[in-house]
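Asker: One structure, pasted below without further comment.
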Amino acid sequence: MKLWMDLIFLCVLGYFFYRFIQVLIKMKQKVILPASTEELAMIRRHPEKPVEVPTYSKQKAGIILSVIMLIFVAGMFIAGVFVQPFNWSFYLLVFLPLTYSHDLLNMFAIIPDGLLCGSRFISWKDIKSYEFVPIDRNHKYYGYSRAVNDGYELKLKTRGFPVSCMITTDEMKENLADVLNKHKTQQVNRNSEQSL
């Protein structure tokens, strides 16, 4: 049983390392949207703080924290394999830091291959649907920031976990909708060509 848990844990840890490296590689691509500092101010991953440019210099703190977290989790796993006998609570405690890894990078950007949202890269084919939900008095983000009040929450349904961000203006909502619709249409056309 311990061998199976070790293998499963190694696979999950490998997935997190792969995803982190993939985001670092995708950060080098040209950003389609937001292209200016004004557009950056219109998108937020957290209600109080606008997103930053997806560059190594602007995301330095998040990248360093991600590396430290991944090394810590790998070190704890190695120590647990050689020192501690099999224990379910050990695996759960080691997984705990990984549950918050998606919030370490404060970025949202549309690139040619897909979207960078936090510590995740989402390719165009992995986006199932999206919707803009108005942020009104009954919304969970209402009241955190005046800029977010009366804005929109963009909810993306993906093959994995859903992602979201806040949009503060109608102009940015239209720009995002145009880009997402264009790529959705291209994906539908590719799927229909492949089925023929």
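Coordinate-derived values only; no laboratory data. For clarity, every value in this text was computed on a predicted model and none was experimentally measured. Note that we place each Cβ from the backbone using ideal geometry, even for glycine, and neighbour counts take in every protein chain shown.
Asker: Counting only complete DSSP H runs, which helices of the chain cover 30 Å or more along their long axis at the Cα atoms and score a mean Kyte-Doolittle of 1.6 or above?
Answerer: Those that pass (Cα extent of 30 Å or more, hydropathy at least 1.6) are 60-82.
Asker: Right, here's the next one. Based on the Cβ-Cβ distance from Y142 to K49, what FRET efficiency comes out when R0 is 22 Å, to the nearest 0.05?
Answerer: 0.85
Asker: Let me ask something additional. Going through region 1-102, which chymotrypsin sites (Phe, Trp or Tyr not before Pro) have at most 16 other Cβ atoms within 10 Å and a DSSP loop state? Intermediate values should be presented prior to the final figure.
Answerer: On the way: sites: W4, F9, Y15, F16, F17, Y18, F20, Y56, F72, F77, F82, F86, W88, F90, Y91, F95, Y100; in loops: Y56, F86.
Answer by residue number: Y56, F86.
Asker: With 14 Å as the cut-off, how large is the P(r) tail for region 28-111, expressed as percent of Cα-Cα pairs?
Answerer: For region 28-111, the share of Cα pairs beyond 14 Å comes to 69 percent.
Asker: So, one more: Name the trypsin sites (Lys or Arg not before Pro) in region 22-68 that are in a loop by DSSP and that have at most 10 other C-beta atoms within 10 Å, would you?
Answerer: In loop regions of region 22-68 (DSSP not H, G, I, E or B), the sparsely surrounded trypsin sites (Lys or Arg not before Pro) are K28, K30.
Asker: Using a Förster distance of 41 angstrom, determine the FRET efficiency expected from the C-beta separation of K125 and A79, and round it to 0.05.
Answerer: 0.55
Asker: Two decimals is fine: what's Rg over Rh for region 1-159, C-alpha atoms, Kirkwood radius as Rh?
Answerer: Values: Rg = 18.3 Å, Rh = 17.6 Å.
Rg/Rh: 1.04.
Asker: As a test of understanding, state the convex hull volume per residue of region 100-196 from its alpha carbons, in Å³.
Answerer: Working: hull volume 10.5 nm³, N = 97.
That works out to 108 Å³ per residue.
Asker: If only Cα atoms are counted, what is the Rg of region 1-57, and what is its Dmax, in Å?
Answerer: Spelled out, the Cα radius of gyration and Dmax of region 1-57 are 17.3, 54 Å.
Asker: Could you name the lysines in cross-link range of K182, using Cα to Cα under 20 Å and dropping any fewer than eight places away on the same chain?
Answerer: Within the straight-line limit of under 20 Å, K182 reaches these lysines: K30, K125, K128, K155, K157, K173.
Asker: Starting from 0.36 nm per residue, how many nanometres of slack lie between A41 and R159 once their C-alpha separation is accounted for?
Answerer: Difference between extended and current length: 39.6 nm.
Asker: Give the long-range amide H neighbours of T158: residues separated by 5 or more places, or on another chain, with amide H under 5 Å away, using H modelled in the peptide plane at 1.01 Å from N.
Answerer: Amide H neighbours of T158: K128, V163.
Asker: Quick one: among L93, L13, L24, which has the greatest mean-square fluctuation in a GNM of the chain with alpha-carbon springs under 10 angstrom?
Answerer: Answer for the Gaussian network model of the chain: L93.
Asker: Using DSSP to define loop residues, name the trypsin sites (Lys or Arg not before Pro) in region 120-181 whose beta-carbon has at most 12 other beta-carbon atoms within 10 Å.
Answerer: Those satisfying the criteria are R137, K140, R146, R159.
Asker: If R₀ is 35 angstrom, what is the calculated FRET efficiency for the pair A177 and C11, using the beta carbon separation as r and rounding to 0.05?
Answerer: For A177 and C11, the calculated efficiency is 0.40.
Asker: What 222 nm value per residue comes from the helices of the chain, counting each DSSP H run with n ≥ 4 as -39,500 (n - 2.57) and dividing by all residues, nearest 500 deg cm²/dmol?
Answerer: So the calculated ellipticity at 222 nm is -14500 deg cm²/dmol.
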